[in-house]
Amino acid sequence: MALPPTVYKRCDCPDQDRPKKTGCNHSWSYNRTNSKGNRTRATIPDSVGLTLAQAQAILDGLASGVAPEPVEANLTFEKWAADWFGRRRAKESSVASYEIAIRRHLNPRWGRQRIRTIKKRQVETWVQEMEESTAIANSTASGHWRVFQMIMKDALQNGKIALNPTYEVSGPYVGPSTSYVFSPEECWAIYDEFPERYRLIPMIGFACGTRQAEAFAVCEDVLDARRGLLTVRRQVIGTKETRYKRLLVERLKTSPRLDSKVVPVPPYLLEALEEHVYRFPPRVAETVLWEHRGKIEDCARGSARAFFWSSRNNLLSRDHFNDDLWKPALRKLGILDADGKLPTFHDLRHTFISTCLQNGIPEHTVAAWVGDTVEEIRRTYSHLLKDHGETHGALAASLTARPVAPATLLAA
């Protein structure tokens, strides 16, 4: 059995395996058998600057007798980013954010540069520029950075570059997010201020911690009134993917990591739901039975009886709800955050999570209810979890205290 080819160099450079440190400018070579059966030496294209392990990995990934594919010398970042983007199969909202990042930020900065000439030092300078810029928020810069990382990693895996310039580069700093936490009085004031047809939606937000699209999509079949449980597994989506028609889609934001979540329903919400159903009977709506990586137009259809409808007998839209219902109610009540801005519906979710954590409900339980991971809960609400040291510190200390000797042993 023939041994696989191994790479080598014929130069006399002092340390061939660390070319970046010693300045070796020679390519790696290997021996192969040509079509005539003759043994010949071949050079690995664009192998200057690679370590022995990297060059060997190129050979190991090739079929027997196949020569390494030369790297396109003039391949620009813009061209490779377009190639990478054309192969994405993420959710439509994610793909849209990728397109915006590439078109508005990455191509203007890197588009015309040959991708193989992008160096780590240039990337570090760019990250620093984004951090210091007042025209771009750090969270936005972080999103651009993640897309840039994915593109460069993909270029490395496809042999378009020899080294990844984002390796061991820290992305833009993103400070802790600040969220508004409603008081119980504010939550109920919002409930009372809302039109009767829609007032249950903010209540579901602060009582169950759902996202806005999840609250819009609550249907009769996911409510277990006897056990006091709500199963969240649908969203109302109206985007380019649905041709902007609002649809009930059986998919959560965190799909495919999570296909549903179960959250307890407080008695006051069950009573309000019972009254709502009496006054505004649920109606049948078509649902999309979404499959992982499937397009909505190709997915099977089902049906469910939805609780919430607009005055025009359509499923609710986010813009209509926010502009015509949510914001006017908060302006009338005078509810503003520390910066003088109107809190968002998503702050009701933060209110639910914060209230649960502050009252000692375990973080893993809260994470299961709201569909986040424990790591996400710890990262976002670490300031609340620190309070647990005071709340439960005495109990934790007592568990490891020195045992008290029995009285008989003390007497002896």
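The values are calculated or read from the model by the stated rules, or taken from the named source; none is laboratory data. Model, not experiment: these values are computed from the prediction. Quick reminder, even Gly has a Cβ in these numbers, built from the backbone with ideal geometry, and neighbours come from all protein chains shown. When the accessible area is computed, the model is the full protein with side chains, heavy atoms only, and any ligands, DNA or RNA have been set aside. Shrake-Rupley method; radii C 1.70, N 1.55, O 1.52, S 1.80 Å.
Worth a mention:
- Filter pass, residue 271 being free of Cβ contacts under 8 Å to residues at least 12 places away in the same chain, charged (D, E, K, R) and closer than 30 Å to residue 182 by Cα: yes
- Whichever residue in the stretch 206-233 is basic (Lys, Arg) and either within 12 Å of residue 272 (Cβ to Cβ) or within 25 Å of the chain's Cα centre (by Cα) (or both) and, among such residues, is most open to solvent (accessible area, probe 1.4 Å): 233
- Among residues of the stretch 357-367, those that are open to solvent by less than 50 Å² (accessible area, probe 1.4 Å) and not acidic (Asp, Glu), counted: 6
- For the stretch 101-138, a residue qualifies if it is among the hydrophobic types (A, V, I, L, M, F, W, C) and open to solvent by less than 80 Å² (accessible area, probe 1.4 Å), and the qualifying residues are 101, 102, 106, 110, 115, 118, 123, 126, 127, 130, 136, 137.
- Hits in the stretch 86-96 - residues which are part of a helix (DSSP H, G or I) and open to solvent by 60 Å² or more (accessible area, probe 1.4 Å): 86, 93
- Qualifying residues in the stretch 170-197 (those that are among the β-branched types (Val, Ile, Thr) and crowded, with 16+ Cβ neighbours inside 10 Å) - the one modelled with the lowest pLDDT: 181
Conditions tested, residue by residue: (1) among the polar types (S, T, N, Q); (2) at pLDDT 90 or above; (3) surrounded by 20 or more Cβ atoms within 10 Å (Cβ to Cβ); (4) in a loop (DSSP other than H, G, I, E, B).
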position	(1), (2), (3), (4)
310	yes, yes, no, yes
328	no, yes, no, no
332	no, yes, no, no
352	no, yes, yes, no
369	no, yes, yes, no
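- For the criterion of being among the aliphatic types (A, V, I, L, M), at pLDDT 95 or above and buried (at least 18 other Cβ atoms within 10 Å of the Cβ), residue 203 passes.
- Within the stretch 15-35, the set of residues being assigned to a loop (DSSP other than H, G, I, E, B) and either touching a strand residue (DSSP E or B) at 6+ places or on another chain (Cβ under 7 Å) or at pLDDT 75 or above (or both) comprises 24, 25, 26, 27, 28, 34.
- Residues being touching a strand residue (DSSP E or B) at 6+ places or on another chain (Cβ under 9 Å), open to solvent by 10 Å² or more (accessible area, probe 1.4 Å) and part of a loop (DSSP other than H, G, I, E, B) - total across the stretch 235-253: 5
- The criterion of at least 1 residues that are free of Cβ contacts under 8 Å to residues at least 40 places away in the same chain is met, among helices (runs of 4 or more DSSP H) falling completely within the stretch 123-233, by 138-157, 184-193, 212-216.
- Taking (1) surrounded by 13 or more Cβ atoms within 10 Å (Cβ to Cβ); (2) farther than 14 Å from residue 162 by Cβ; (3) at pLDDT 70 or above in turn, residue 75 satisfies each apart from (2).
- Subset tally (residues that are part of a helix (DSSP H, G or I) and open to solvent by less than 80 Å² (accessible area, probe 1.4 Å)) for the stretch 269-298: 7
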